[in-house]
Amino acid sequence: MKLKSLNHMGIVSSDLEKTRKFYLDFLGMIEVPRPDNFTFAGAWFRFGEAGDALHVIMGHDTTAPAGLPEQGKGKSGGMSTHFAFEVDDIAAFTKHAEAMGVPVVGGPYVRGLRATQLYLEDPDGYQVEIFERTSVVNS
């Protein structure tokens, strides 16, 4: 069995408007409608040709309805809990982060011969990796 693509990631937000500004204005995603029967606050964002998605739920709405497992409050921190986006020009993206006042918390790092990575933090402290493929290793 093989994974075909990333369908979506879900995160918890403490401030939906700051979260919108980060994902719409800084990362250039688009906001898409959520199902009409959702009774909790949040937003859905899409990016890329495959329509990868990010689902955001407000922190005060993380209690699941009766019969469903608890979604839990908060999140795990650190660089091991993150999601990654590929870019064509990490140097330009680093300048973009600086110009937008988005804190760089790590990098850019050259990781082996395959990628250069930059770690940012969104308004809720989630680690966001930005990476550029730098070369392919022949095997």
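In table form, for the structure just shown:
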read-out	value
Chain lengthening between residue 98 and residue 84 when straightened (0.36 nm per residue, less Cα-Cα)	3.2 nm
Solvent exposure ordering (accessible area, 1.4 Å, most first) of 31, 132, 17	17, 31, 132
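The values are calculated or read from the model by the stated rules, or taken from the named source; none is laboratory data. What you see is a predicted model; the values in this text were computed from it and never measured. For accessibility, only protein heavy atoms count, side chains too; no ligands or nucleic acids. Shrake-Rupley method; radii C 1.70, N 1.55, O 1.52, S 1.80 Å.
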